[in-house]
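*Asks:* I have a structure I would like to understand better, so I am pasting it below and will then ask my questions one at a time.
The values are calculated or read from the model by the stated rules, or taken from the named source; none is laboratory data. Remember, it's a predicted structure, so these values are computed and weren't measured experimentally. Side chains are part of the model used for accessible areas, which takes the heavy atoms of the whole protein and leaves out ligands, DNA and RNA. Shrake-Rupley method; radii C 1.70, N 1.55, O 1.52, S 1.80 Å.
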Amino acid sequence: MRAPVVYPSLPFDPGTIIFSPGIMLGLQTAHSLRQVLDHFMECHLATDFGIVSRAMRFDNVLAALLETGQLTSRYYLHSTISPPETGLIITTHLDEHTTTIRFASEQE
């Protein structure tokens, strides 16, 4: 059994939230998508970066501590939420004071 993950307290400012074109379209067609985005944004802000490698988690923590660079979170989307999308990526660019939310299939 795995030990529970304890996330460090690393508050950061997400800045301006930017939705990708795919997310904007998804919000118009998938009614439950908004609640899912709100939930995953809360996870991102709480430094629960979802399904990322140890290296990416380290880079995220370092960026938050130094208050520069970017923090990236990746989350799995159930296929019923916004088909055919199965992944969500949230990236906070600390230097630009912006956070982009996009489907994994979209380019940043």
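*Asks:* Under the rule a/c < 1.5 gives rounded, and otherwise a/b versus b/c splits prolate from oblate, where does the chain land using the Cα gyration tensor?
*Replies:* oblate
*Asks:* Sticking with this structure for a sec: Can you send over the solvent-accessible area of Arg74, 1.4 Å probe, protein chains only, in Å² to the nearest 10?
*Replies:* Accessible surface of Arg74 is approximately 90 Å².
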